[in-house]
Amino acid sequence: MLDLVTVILAAGKGTRMKSKLPKVLHKVAGKSMLQHVLDAAKKAGAKRNVVVVGFGGEQVKTAIGNEAEFVVQEEQLGTGHAVKQAAPLLASENGTVMVLCGDTPLVNADLITKLYEGHKSAGAKATVLTAMMPDATGYGRIIRTAAGDVARIVEQKDANEEELKVKEVNSGIYCFEARDLFAALEKVGCDNAQGEYYLPDVLAILREQGEKIWAVATDDYESTLGINSRVQLAGAEKILRHRKNIELMDNGVTLMDPDSTFVDADVEVGPDTVLYPYTWLEGKTVIGSDCEIGPNCRFTNVSIGNNVTAQFAYGHDCVVDDGVDFGPYVHLRPNTHLGKNVHIGNFVEVKNSNIGEGTKLPHLQYIGDSDVGSHVNCGCGTVTANYDGKSKFRTTIGDDAFVGCHTTLVAPVTVGEGAYIGAGSVITKDIPAKDLAIGRAHQKNISGWADKRKN
Ligand code: UD1
Ligand code: CA
């Protein structure tokens, strides 16, 4: 753990996003921008994280939960004013405060550590993280003295022609000594093009007081990109997804076509698993080793074991054990648990059900709210009638049962272990173990009927 407190700025509306959602809650690689920044701070070892919220503050608090402390900036009067709101919480801190922006989602723990260490070893009161931006439009520019020291930061809207030519930009990430920061913030004015209290002005103020201010330059400009628009959001998405794909491949996962494989930041995939094109792995999805996933699979918060094969499938909030194969055209809905070596074929939907080891749902099934034992065979077209229009009921099928094709199981109903059901049955009563149940009209053949009709 570092002797470091962070303040993450997340109060702005993000006008340029043209959205009702607070900017920092927009997602990249499946996770809000703010969560990316917070996760990086935590990974670097920050001991406290304070998030400044304002526009959509309640929404932001709900999204982050108890992972951070919050202060509210009632009116968005600028980044300097935003940091000032954290003063009451941090008054007792006399160590280092790092300010991060909730709209720089590509920042990572290494960069945070590099800035922190650079600040500490320089013995500065304030240190800004800078980058050479190929397109510096919109960023504050770093203005250096002839000797190369940082003199001040000038915002795009306040810069003259010469200053606009500067490619070295303010990443919006800084380290400050807490007491000096809050003292200097009292002196920041708003006499500028935007009429805002600019945090970067703290550097010039401290410098004028004869304090040491410092810059840590990174050549990884991508990690400092600030997101102000949807176009920039899409750019960050591309970079993060590319990084995730590289990380997976470096860890032994085969991606047949990285450009058409979309894996969220927090997803884990085991070695020797092959991801086929058009596979989306989202949220907290975990996939084991030696699996073949895709083409065309979308899994959201799905936990998949080893040696699993899936194609053309959608699953969310469910668990799949080792050796299962499913697809094509399968929908696994929340609270489904597929036991070891389950086989699911085409056009099958499973919802809120437990399917036991080695059970087969080979074609055209709807299994909802059910507990199916192990080594059960459900014939083509098995349907659980789990809903009477008001309530949902469960179906239980014992181990080794054999359900004939086109059976409707009207829940609540229990099929005993090893029982058989004749094809085309509508089962409304429990079936004892090892019985045969036939629930269909008796067949009657009328001899010569067709000829009689003709006449
Ligand atoms: C800011 C910096 C700029 C830097 C750039 C890096 C200032 C004045 N400018 O510009 O030098 O190059 O970031 O990306 O700081 N926010 C609040 N309260 C406010 C205003 C902003 O919490 O009153 C938050 C926003 O939610 C955002 C962050 O601060 O997360 C940065 O604000 P934004 O308006 O995006 O600043 P930039 O114009 O990008
Ligand atoms: Ca910004």
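The values are calculated or read from the model by the stated rules, or taken from the named source; none is laboratory data. Fair warning: this is a prediction, and the values are worked out from it, not measured in the lab. Methodologically, a virtual Cβ is constructed for each residue, glycine included, from the backbone with ideal geometry; neighbour enumeration extends over all protein chains shown.
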Exercise for the section: Just give me the residues in region 274-291 being without any contact (Cβ under 8 Å) to a residue 24 or more places away in the chain and buried (at least 17 other Cβ atoms within 10 Å of the Cβ), in sequence order. Expected result: THR279, TRP280, LEU281, THR285, VAL286, ILE287, CYS291
Exercise for the section: With the condition kept exactly as written, say whether any residue in region 39-47 is farther than 25 Å from ALA234 by Cβ and in a strand (DSSP E or B). Expected result: no
Exercise for the section: Go through (1) more than 15 Å from ligand 2 (Cβ to nearest atom); (2) part of a strand (DSSP E or B) one by one and return the number of the condition VAL52 breaks. Expected result: (1)
Problem - In region 42-54, the residues that are out of contact with any helix residue (DSSP H, G or I) (no Cβ under 6 Å at 6 or more places or on another chain) and buried (at least 18 other Cβ atoms within 10 Å of the Cβ) - result: ALA46, VAL51, GLY54
Fill in the blank from the handout: Among GLY226, GLY210, GLY252, the single one that is assigned to a loop (DSSP other than H, G, I, E, B), out of contact with any Phe, Trp or Tyr (no Cβ under 6 Å at 6 or more places or on another chain) and surrounded by 13 or more Cβ atoms within 10 Å (Cβ to Cβ) is GLY226
Problem - Among residues of region 79-113, those that are assigned to a loop (DSSP other than H, G, I, E, B) and either within 15 Å of ligand 2 (Cβ to nearest atom) or within 23 Å of SER32 (Cβ to Cβ) (or both), counted - result: 9
Problem - Qualifying residue in region 68-82 (condition: within 13 Å of ligand 1 (Cβ to nearest atom), in contact with a Leu (Cβ under 9 Å, 6 or more places away or on another chain) and either farther than 29 Å from LEU240 by Cβ or not assigned by TED's automatic domain parsing to the domain that holds GLY30 (or both)) - result: yes
Practice task
Mind checking which strands (runs of 3 or more DSSP E) fall wholly inside region 346-455 and carry at least 3 residues that are hydrophobic (A, V, I, L, M, F, W, C)?
Solution key: 360-368
Exercise for the section: Go through (1) more than 16 Å from ligand 2 (Cβ to nearest atom); (2) in contact (Cβ under 8 Å) with a residue 24 or more places away in the chain and name the single condition HIS242 misses. Expected result: (2)
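The rows are residues; the columns are (1) over 24 Å from THR300 (Cα atoms); (2) crowded, with 18+ Cβ neighbours inside 10 Å.
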position	(1), (2)
GLN311	no, yes
VAL320	no, yes
HIS375	yes, no
THR384	yes, yes
PHE393	yes, no
ALA411	yes, yes
ALA423	yes, no
Handout entry: GLU163 being of a type outside the set (Ser, Thr, Tyr), within 16 Å of ligand 2 (Cβ to nearest atom) and farther than 21 Å from GLY95 by Cβ
Key = no
Problem - Qualifying residues in region 6-28 (those that are among the β-branched types (Val, Ile, Thr) and within 20 Å of the chain's Cα centre (by Cα)) - the one nearest to ligand 1 (Cβ to nearest atom) - result: VAL24
Exercise for the section: Would you please name the residue that is nearest to VAL83 (Cα to Cα), looking only at residues in region 147-177 that are under 33 Å from the mean Cα position of the chain (by Cα) and either of a type in the set (Asp, Glu) or not in a strand (DSSP E or B) (or both)? Expected result: GLU155
Exercise for the section: Please state which one of VAL202, VAL216, VAL188 is more than 16 Å from ligand 2 (Cβ to nearest atom), on the phi < 0 side of the Ramachandran plot, assigned to a loop (DSSP other than H, G, I, E, B) and hydrophobic (A, V, I, L, M, F, W, C). Expected result: VAL188
Practice task
Return the total of residues in region 170-215 being touching a residue at least 40 places away in the same chain (Cβ under 8 Å), of a type in the set (Lys, Arg) and closer than 24 Å to PRO88 by Cα.
Solution key: 1
Fill in the blank from the handout: Here the residues within region 123-141 that are away from ligand 2 (no atom under 16 Å from the Cβ), closer than 17 Å to VAL202 by Cβ and within 34 Å of the chain's Cα centre (by Cα) are ALA126, THR127
Practice task
Evaluate region 11-20: report whether one residue or more is buried (at least 24 other Cβ atoms within 10 Å of the Cβ), within 16 Å of ligand 2 (Cβ to nearest atom) and at pLDDT 95 or above.
Solution key: yes
